[in-house]
Every structure is written in C-alpha cells, then in structure tokens.
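Provided herewith is a single structure, encoded as structure tokens, for subsequent inquiry.
The values are calculated or read from the model by the stated rules, or taken from the named source; none is laboratory data. As the structure is a computational prediction, the values presented were derived from the model and not from experiment. Here the Cβ positions follow ideal geometry from the backbone for every residue, glycine too, while neighbour counts run over all protein chains shown. Remember, those area values only see protein heavy atoms, side chains included, never the ligands or the DNA or RNA. Shrake-Rupley method; radii C 1.70, N 1.55, O 1.52, S 1.80 Å.
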Amino acid sequence: MTFAPAPLNPLVMWAVKKTSEAQMYHNLSKAVRGLAKLTALTGGLGLFAVIILTCLSVSGRALDGLGFGPVPGDIELVELGIGFAVFTSLPYTQYMRAHARVDLFKPVFGEALNRWLDLAGDLLMLGFTALLAWRLWFGMMDKAAYGETSFILQIPLLWGYAAAMAAMCVAVLVALFCVLRAARAVFNREGTA
C-alpha cells in the first residue's frame, strides 16, 4: 500500500509563495543596501584621506621657511579623491532617496500619485546612472588607449576613471533595485521600506 500526500490547499500554497517572495525581496534589499553602504563608506575614507592630505599640504606651505613644503601634486590627488567621493556617494544616496528634490506639492497629492512619482523618479535615475556609466566606459577606454597621465605625479588617468566606473556599476544596480522597490509600492500597495 502506497501513501500519497494530500494535495495542499491553494490558499496555503499562495501564502507560502507570498512569504517566499517577501523573504527574497527582503534579502535582496539587505544586500543592495549593504553594497551601497560599503561603497559610500569607501568614498568617505577617500574623502577623509583628501582632508588629511590638504591639511598636510597647507601646513607644509605655512612651514616653508622651516624646510617643509607643500605635498607635491596635492591638487591632482584632491581632484581624484573628490571625484571618487562623489561617484561612491551616488548609490547610497539613491537607495536612501536622499537626492535633492522639491516636495512642495507632495502633501497635496495623494499617496497613490506620490508612489507613481517615486517610480518615475527612480526610472529617471536609472536612465541617468546607466547613461553616466555608458559614457564613463568610453572615457575610460579613451584614457587607456592614449595612456594619459596627470601632469605632476604622472598618475594614469585610467585609474580615476576605473574607480568611478566601479562606483557607477554599483549605482546602476542600486537604481535597478529602487525601480523594483517603487514598482512594488505602486502595484502591491505596500510601503517603500
């Protein structure tokens, strides 16, 4: 005699499917947030290094009569560091919805319209980050082909472009997730957590 399991109730199957979808979304959200946060922290460290470099260079200039001097190529290093900090801040800023925006009419519009506007904004940011990544790729290939370097320190400009490109790849992934998050809020009537 063989034992066959009873078919599961369709309502139970729907609940299990919804739970697993919610768990997958939660795990994806945590992973994307962690990646965006790590990218921002890396940029913060780069910015901190730029601050230290600037302080050392200014102090060296002030103590020029005592045998000290400015850090050679400080302006080039500051340019690279600030560019790196800007590009690495984009993913976390997008994830947290912290870009500058005008919320003048947000209280007037209903919740549903605001969700649609969030989705439209996230789609625009996805297009913008994809466009930036695409053009940055071509700029990086151009710098690699010609071997351009900075004037004083002779740092290959490819390095700065490669660092920015890595940050833009993360920004595109985060923007894709933000579109998913906004679409879930619009179509599932869920919060945007």
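Under 7 Å by Cβ, and 6 or more places apart or on different chains, what pairs join a residue from segment 134-161 that is of a type in the set (Asp, Glu) with one that is open to solvent by 40 Å² or more (accessible area, probe 1.4 Å)?
Here the result reads Glu148/Leu157, each pair linking segment 134-161 to a residue that is open to solvent by 40 Å² or more (accessible area, probe 1.4 Å).
Sort through Leu176, Leu153 and tell me the only one that's in contact with a helix residue (DSSP H, G or I) (Cβ under 8 Å, 6 or more places away or on another chain), aliphatic (A, V, I, L, M) and open to solvent by 70 Å² or more (accessible area, probe 1.4 Å). Step through it out loud before you land on a result.
Details: Leu153 fails: open to solvent by 70 Å² or more (accessible area, probe 1.4 Å).
Result: Leu176 is the single residue among Leu176, Leu153 that is in contact with a helix residue (DSSP H, G or I) (Cβ under 8 Å, 6 or more places away or on another chain), aliphatic (A, V, I, L, M) and open to solvent by 70 Å² or more (accessible area, probe 1.4 Å).
Working only within segment 108-139, note down all residues that are outside any helix (DSSP H, G or I) and among the hydroxyl-bearing types (Ser, Thr, Tyr).
Within segment 108-139, the first condition is being outside any helix (DSSP H, G or I), and the residues that meet it are 108-110.
Residues satisfying the conditions do not exist here.
Checking the structure you have, find out if any residue of segment 133-148 is of a type in the set (Ser, Thr, Tyr) and surrounded by fewer than 14 Cβ atoms within 10 Å (Cβ to Cβ). It would help to see each step written out before you state the result.
Our first condition is that a residue be of a type in the set (Ser, Thr, Tyr); within segment 133-148, this holds for 146.
Adding the requirement that they be surrounded by fewer than 14 Cβ atoms within 10 Å (Cβ to Cβ) leaves 146.
Looking for residues that are of a type in the set (Ser, Thr, Tyr) and surrounded by fewer than 14 Cβ atoms within 10 Å (Cβ to Cβ), one finds at least one in segment 133-148, hence yes.
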